[in-house]
Amino acid sequence: MAYKLNVNGRSATVDASPDTPLLWVLRDVLNLHGTKYGCGIGQCGACTVQLGGRAVRSCQTPVSAVGNAAVLTVEGLSTDGTHPVQIAWQEIDVPQCGYCQAGQMMSAAALLARTPKPTDKDIDSAMNGNLCRCGTYLRIRQAIHKAAELATSASARTVQTAQNGSR
Amino acid sequence: MAINRRSFLKVSAAGGGGLLLGLYTQPKASAQGRGGPAPAPPDPHVYVKINRDNTVTIMAKNPEVGQGVKTMLPMLIAEELDVDWKSVKIEQTDFDDTKYATQFAGGSLATPQNWVPMRQVGAAGRALMIKAAAQTWTVPESECSTSAGKVLHKASNRSLTYGELADKAWAMPMPDLKTLKFKDPAEYTIIGKPQRQRELPAIVKGEPIFGIDVTVPGMLFAVYQKCPVFGGKVANANLDEIKQMPGVRQAFVIDRPDITEPVLPNDPGLESGIAILADTWWQAQSARKKLQVTWNEGPRANDSQSSAVFAQRAQELSTQKPHKTIRADGDAEANLGSAAKVVEAAYSYPFISHAPLEPQNCTAHVKDGKCEIWTNSQIPQGGRGLVAKALEVPERDVTLHMVRGGGGFGRRLTNDYMVEAAYIAKTAGVPVKLLWAREDDMTHDYYRPGGFQFLKAGVDGSGKVVAWRNHFVSYGSFDAQKGDVRFANAAAMGPTEFPQRFVPNYALHTSVMELGIRTGALRAPSSNAFAFVIQSFIDELAHAAGKDPVQFRLDLLAAGGPAPQAAPGPFAAPGLNAERMKGVVQLVAEKSDWGKGDLPKGRAKGVAFHFSHQGYFAEVAEVSVDAAKKVKVHKVWVAADVGSQIINPSGAENIVQGAIIDGMSELMHQEITVEKGRVVETNYNQHGMVRMAQAPPEIEVHFLKTDNPPTGLGEPSLPPILPAVANAIFTASGTRVRSLPISKSGFSWA
Ligand code: FES
Ligand code: FES
């Protein structure tokens with residue numbers, strides 16, 4: 001079946017069986033490898049992308065269910081690594097292996113878009129679906145607070161505008 | 001420094017357990033002595049490229065699986081080369097044992113193995129730069145100094161950049177390594193400063209840097225279905241039907257000889273199974289779900305190969321004469337009889353899976369008898385050997401590109417997925433990316449071995465531990481005739497396990513059960529389970545003696561005398577140094593305000609320490625437990641002594657905090673159950689880990705710097721957290737948990 005998708009602001013037509021998870025369309029058809037496979041059953045969050053601004057598990061999202069909703073992957077967060085979560089993740093030196101971090105950042109970016117100044121509780125609940133096997137949670141939390149700060153500070157405002165534009 | 005690659009490989013072949021450290025005890029098995037190639041010397045020509053624009057490219061030789069080594073090793077070179085860290089670019093090498101020594105990730109060995117040679121690389125490079133500048137200016141070398149990638153001649157106010165000097169310097173003969181002088185640590189500008197991982201920009205942009213991301217033109221995606229029981233073979237399968245499935249290009253059976261040894265080899269190589277190759281991975285995986293296979297499951301598919309039977313059998317063995325006595329100091333039995341107080345307890349812990357977040361994968365291309373491989377193996381050398389053997393090609397015809405791994409934890413110390421990819425690619429005649437589903441990974445791991453420890457100890461009237469007896473029931477094979485025991489991989493306990501030497505009457509016995517699943521090294525092998533048992537039991541003794549758990553431990557440590565001499569050799573590892581351990585126990589007590597202030601009811605602190613991989617760690621956890629057995633770890637304090645220098649404080653703190661959380665996952669969530677030779681749990685819903693809300697909000701990490709060579713911390717930081725939390729649970733709730741995971745005793749996270 002042919003599906004017309006809107007991925008990172010671009011339209012792409014892909015040929016895949018209807019039950020193919022969006023994860024594998026992104027990775028193996030569109031060559032967008034930033035989104036990761038960890039469990040395939042909605043447990044780990046490595047495959048998290050945004051669908052219409054909401055964080056979803058792409059391993060649990062069949063391509064047939066995507067429709068016109070805008071798909072945003074880590075590659076679409078910014079063109080140059082300057083989305084506030086990307087800057088904060090680097091400043092805090094969050095990753096160990098890094099494998100979970102695209103999913104973590106996609107959940108965090110969705111949270112910040114909704115809740116620009118999240119509390120620790122907000123963070124706990126928004127990030128509950130994202131496992132980090134290396135245990136970088138303390139730094140992830142710190143980086144989300146940092147990104148919230150960056151997003152409201154003058155230096156990042158232009159970045160943020162560009163982001164909103166690209167969505 | 002001669003780094004002995006042959007001996008380290010031998011060690012890995014002997015398999016996990018504390019045996020990764022076997023390296024230390026086999027220093028004389030020299031490669032040269034056996035006619036092998038000479039170990040690659042530390043040579044700046046190999047590791048450093050000075051670019052025209054004055055940037056410096058430094059080669060990172062070790063596998064990066066999240067431990068930060070790709071940043072850390074180049075830091076050592078850059079420091080002694082004396083260049084600006086900002087001017088450094090880092091490149092990952094291929095695997096090449098003619099150029100690089102010990103390309104290996106395990107045993108927390110990167111620091112002790114490389115601390116000297118990588119700094120020698122830098123210092124030799126710097127010496128060559130000075131030599132070249134001195135010749136250019138015809139001044140004595142002693143008048144020249146360096147700073148941030150330049151040689152300076154202060155007397156004449158001249159300077160030359162390394163870029164300008166490189167051609168000349170690199171053509172000069174290598175200086176004698178023995179004449180090199182290292183920097184005074186007070187002058188460090190790179191080492192000891194928090195450096196961010198160099199791959200951060202690629203990680204945050206989602207660039208394809210992991211093994212799973214490798215793409216080779218024309219490749220097919222493969223899945224490999226093995227029998228749920230180790231060694232099982234395909235009797236028949238509906239391959240004709242599978243080949244008709246959408247996207248499927250090839251499907252075939254691989255049939256391998258039986259493995260009949262009673263103890264499974266550490267890395268047995270290619271196993272029998274069915275390969276399905278398709279245009280996309282999802283197509284291959286979807287076709288696999290339609291597979292109908294009749295397996296010949298073989299001898300390991302029997303009722304005795306079940307967790308419940310193992311537990312029952314261990315209980316029986318504990319009451320019988322042990323298969324073997326590993327150690328007997330003094331007379332434990334007599335002193336147990338005369339001790340003022342005797343405590344007896346049975347501890348157990350299950351098999352668990354490594355489950356790194358990136359499932360096993362490997363990309364391979366075999367063409368004209370040569371094999372090219374992209375791998376995130378922690379021990380590529382072992383994989384190359386397996387591949388060469390399976391493909392019947394010489395090792396030199398196997399090229400290994402090293403790719404970032406999404407976690408390792410010891411899983412990638414076995415190369416089963418590498419040899420599968422290579423063999424499938426050869427059979428298929430096209431490049432192949434093999435990717436295991438999570439279910440493959442969890443049911444075909446090399447599990448942390450479970451075990452049972454039946455302990456009895458006695459304290460005298462003053463609270464001194466006078467006798468200790470452990471009947472350790474593990475896995476392996478028992479030769480009744482010779483009275484000899486061969487342990488399964490990573491399932492051994494050595495004759496110096498703590499508190500040996502700290503208790504005058506110490507007996508360690510063992511009995512074993514035959515095991516049909518594979519076991520291997522998981523982060524802090526053996527220690528990750530032993531620390532829980534030993535430090536919990538010591539807590540029981542402290543309470544029985546009416547002593548404070550910290551003071552009781554300090555008293556115990558005072559009873560051991562000086563550490564025994566290390567065996568000679570470059571990586572000779574000394575035994576537990578009681579003074580160093582006392583240092584971290586005291587530090588963690590101080591930092592956590594141990595014994596000060598009252599905590600509310602249901603809230604308490606627990607303490608534990610453990611020595612492994614040359615690292616000294618003591619940890620305190622503050623924990624609350626409510627009536628419904630909901631547990632919250634509020635804060636953890638870590639005190640560590642890993643020598644004189646923390647190379648990268650940012651990475652070090654991250655790894656230690658991660659180890660605490662990793663250990664908490666083992667404590668609460670993880671158990672692999674065996675039934676009739678097959679593993680029951682298939683995914684993270686059954687073998688979980690700590691999530692963000694459950695992690696302690698604060699983990700304080702304190703390093704006690706001592707005048708000892710720097711050693712690793714990825715592994716030794718983990719073991720104490722399990723007993724620290726378990727001991728706190730006891731004090732907070734009165735319940736002593738002696739079996740892992742504690743969820744089976746009704747506990748869960750708050
Ligand atoms: S891969 Fe989708 S949640 Fe784990
Ligand atoms: S950084 Fe390794 S899984 Fe999160």
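List of remarks:
- In this entry, residue B:423 is excluded by the filter for residues that are of a type in the set (Phe, Trp, Tyr) and closer than 14 Å to residue B:380 by Cβ.
- Residue in the range A:80-90 that is open to solvent by less than 40 Å² (accessible area, probe 1.4 Å), more than 24 Å from residue A:153 (Cα to Cα) and away from ligand 2 (no atom under 16 Å from the Cβ) present: no
- Residue within the range B:263-272 that is among the β-branched types (Val, Ile, Thr), open to solvent by less than 30 Å² (accessible area, probe 1.4 Å) and either on the phi > 0 side of the Ramachandran plot or not in a strand (DSSP E or B) (or both) present: yes
- Residue list for the range B:450-487, filter: outside any strand (DSSP E or B), farther than 23 Å from residue B:501 by Cβ and open to solvent by 10 Å² or more (accessible area, probe 1.4 Å): B:480, B:481, B:482, B:483
- Hey, residue B:117 under 30 Å from residue B:715 (Cα atoms) and open to solvent by 20 Å² or more (accessible area, probe 1.4 Å) or not: no
- For residue A:9, the conditions (1) more than 16 Å from ligand 1 (Cβ to nearest atom); (2) open to solvent by less than 40 Å² (accessible area, probe 1.4 Å) are fulfilled apart from (2).
- Of residues in the range A:23-48 being within 10 Å of ligand 1 (Cβ to nearest atom) and outside any loop (DSSP other than H, G, I, E, B), the one farthest from the chain's Cα centre (by Cα): A:23
- Test: residue in the range B:704-712 that is open to solvent by less than 10 Å² (accessible area, probe 1.4 Å), in contact (Cβ under 8 Å) with a residue 40 or more places away in the chain and in a loop (DSSP other than H, G, I, E, B): yes
- Of all residues in the range A:127-146, those that are under 18 Å from residue A:35 (Cβ atoms) and either of a type in the set (D, E, K, R) or more than 9 Å from ligand 2 (Cβ to nearest atom) (or both) total 3.
- Sole residue being within 14 Å of ligand 2 (Cβ to nearest atom) and modelled with pLDDT of 95 or more, chosen from A:52, A:38, A:42: A:38
- Positions within the range A:38-51 being open to solvent by less than 10 Å² (accessible area, probe 1.4 Å) and more than 7 Å from every other protein chain (Cβ to nearest Cβ), in sequence order: A:45, A:47, A:48, A:49, A:50
- Members of the range B:151-199 found to be touching a Ser or Thr at 6+ places or on another chain (Cβ under 8 Å) and more than 30 Å from residue A:90 (Cβ to Cβ), listed by number: B:151, B:152, B:153, B:154, B:160, B:165, B:168
- The range B:383-401: number of residues that are open to solvent by 20 Å² or more (accessible area, probe 1.4 Å), under 28 Å from residue B:524 (Cα atoms) and touching a helix residue (DSSP H, G or I) at 6+ places or on another chain (Cβ under 6 Å): 2
This table checks each residue for (1) within 16 Å of ligand 2 (Cβ to nearest atom); (2) outside any helix (DSSP H, G or I); (3) under 18 Å from the mean Cα position of the chain (by Cα).
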site	(1), (2), (3)
B:401	no, yes, no
B:406	yes, yes, yes
B:412	yes, no, yes
B:418	no, no, no
B:423	no, no, no
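- Set B:743, B:717, B:650, B:644: member being touching a residue at least 24 places away in the same chain (Cβ under 8 Å), outside any helix (DSSP H, G or I), of a type in the set (Gly, Ala, Ser) and open to solvent by 10 Å² or more (accessible area, probe 1.4 Å): B:644
- Taking the criterion of being surrounded by fewer than 21 Cβ atoms within 10 Å (Cβ to Cβ) and part of a helix (DSSP H, G or I), the residues of the range B:201-238 that qualify are B:201, B:202.
- Test: residue in the range B:720-735 that is over 22 Å from the mean Cα position of the chain (by Cα), among the aliphatic types (A, V, I, L, M) and not in a helix (DSSP H, G or I): no
- Hits in the range B:236-289 (condition: within 14 Å of chain A (Cβ to nearest Cβ) and among the hydrophobic types (A, V, I, L, M, F, W, C)): B:245, B:248, B:277, B:278, B:281, B:282, B:284, B:287
- Any hit, the range A:18-34, residues being more than 8 Å from chain B (Cβ to nearest Cβ), in contact (Cβ under 8 Å) with a residue 12 or more places away in the chain, buried (at least 24 other Cβ atoms within 10 Å of the Cβ) and under 27 Å from residue A:148 (Cα atoms): no
- The numbered conditions (1) free of Cβ contacts under 8 Å to residues at least 12 places away in the same chain; (2) open to solvent by less than 20 Å² (accessible area, probe 1.4 Å) are all true for residue B:141 except (2).
- Candidate set from the range A:107-142 (those that are away from ligand 1 (no atom under 16 Å from the Cβ), assigned to a loop (DSSP other than H, G, I, E, B) and more than 7 Å from chain B (Cβ to nearest Cβ)); member that is most open to solvent (accessible area, probe 1.4 Å): A:117
- Matching residues, the range A:59-106, being outside any loop (DSSP other than H, G, I, E, B), over 10 Å from the mean Cα position of the chain (by Cα) and within 13 Å of ligand 1 (Cβ to nearest atom): A:59, A:60, A:62
The values are calculated or read from the model by the stated rules, or taken from the named source; none is laboratory data. Keep in mind that this is a model prediction, so the values were computed, not measured. Note: ideal-geometry Cβ built from the backbone for every residue, glycine included; neighbour counts use all protein chains shown. To get the accessible areas, we keep the full protein, side chains included, count just its heavy atoms, and leave off ligands, DNA and RNA. Shrake-Rupley method; radii C 1.70, N 1.55, O 1.52, S 1.80 Å.
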